[in-house]
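In what follows, a single structure is set out as structure tokens and then discussed.
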Amino acid sequence: MMLLYEGKAKRVYRTETEDVYRIEYKDEVTAGNGEKHDFLTGKGRLNNLISSDIFQYMADHDVDSHFIERISETEQLVRSVEIIPLEVVVRNFASGSIVKRLGLEPYQPMTPPLVEFYYKKDELNDPILTDAHVEMLDLATREEIESLKTAALKINEVLRGMMEKMRLSLIDFKIEFGKDKAGRIVLADEISPDTCRIVDMETKENFDKDVYRNSTGSLLDTYSEFYNKMEALK
Ligand code: ADP
Ligand code: MG
């Protein structure tokens with residue numbers, strides 16, 4: 001009912017309240033822009049619990065987001081925003097596509113952390129964009145680009161701090177931003193092991209979607225262990 005959009009991992013619904021959407025996390029997982037695809041009972045619940053708790057942690061550390069409240073095991077209420085079609089990626093250590101593209105050493109430190117923009121467009125395979133491309137495509141103004149970078153780096157600091165307390169290291173992550181009615185840029189979408197690369201500080205074991213991408217373990221067990229580590233922080 002009142003389904004507005006169905007994506008790869010979530011469904012977005014309108015609610016009775018004008019500026020409020022309901023996001024339902026699905027029991028589905030994809031990798032490589034849908035190349036790999038599976039149904040996993042309980043995955044939506046874990047992502048919803050983790051993402052709600054991360055947004056709450058963000059709020060407690062002065063990072064504003066679309067998150068209002070979790071209303072069930074698989075759903076949360078958020079402020080509706082107009083999503084800026086950019087995937088903003090922050091990298092603390094080299095991993096994934098950048099290792100191949102630039103010939104880097106895996107886990108080579110990125111100091112200072114690197115912020116990158118990718119065009120959120122599945123049919124183009126989310127290509128990387130320079131600031132000039134972002135401006136040319138009218139996705140953001142020069143001032144907005146600076147705000148996005150500043151916000152992304154602040155989110156990185158808060159997330160890194162949280163992970164450190166869990167004895168985990170934040171390798172990289174992807175976030176999305178949107179504009180609210182007042183034109184203010186806010187953090188939106190999701191932050192979870194689907195959208196971050198996280199490794200154990202000692203064992204270097206992955207606590208993220210790489211276990212699914214690379215078929216190295218059970219995604220449900222991994223996410224549930226991550227959630228338990230988060231719970232232990234409370
Ligand atoms: P996708 O396959 O496009 O990544 P998802 O399964 O992640 O989609 O579903 C969530 C969709 O909802 C995404 O397209 C995301 O940009 C969008 N979205 C996230 N938060 C909000 C919000 N607060 N308002 C409007 N749209 C949102
Ligand atoms: Mg998504």
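Each reported figure results from applying straightforward, stated rules to the coordinates on display, with no laboratory input. Predicted model only: the values in this text are computed from it and were never measured. Quick reminder, even Gly has a Cβ in these numbers, built from the backbone with ideal geometry, and neighbours come from all protein chains shown.
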Task: Enumeration of residues in segment 55-77 that are surrounded by 22 or more Cβ atoms within 10 Å (Cβ to Cβ) and closer than 25 Å to Glu144 by Cα - done: Phe55, Ser65, His66, Phe67
Open item on the list: Regarding segment 198-217, can at least one residue be identified that is more than 13 Å from ligand 2 (Cβ to nearest atom), closer than 23 Å to Thr74 by Cα and assigned to a strand (DSSP E or B)?
Closed with: yes
Open item on the list: Return the residues of segment 176-229 that are at positive phi and crowded, with 21+ Cβ neighbours inside 10 Å; say none if nothing qualifies.
Closed with: Asp189
TODO: Scan segment 100-119 and report the pairs whose first residue is under 16 Å from Ala152 (Cβ atoms) and whose second residue is surrounded by fewer than 17 Cβ atoms within 10 Å (Cβ to Cβ) and β-branched (Val, Ile, Thr), with Cβ atoms within less than 6 Å and a gap of 6+ or a chain change.
DONE: Tyr118/Ile128
Task: Gly32 being surrounded by 12 or more Cβ atoms within 10 Å (Cβ to Cβ), within 15 Å of ligand 2 (Cβ to nearest atom) and not charged (D, E, K, R) - done: no
TODO: Would you please name the residue that is surrounded by the fewest Cβ atoms within 10 Å (Cβ to Cβ), looking only at residues in segment 13-27 that are closer than 27 Å to Asn228 by Cα and over 16 Å from the mean Cα position of the chain (by Cα)?
DONE: Asp27
Task: Candidate set from segment 161-201 (those that are acidic (Asp, Glu) and near ligand 1 (Cβ under 10 Å from one of its atoms)); member that is farthest from Lys26 (Cα to Cα) - done: Asp180
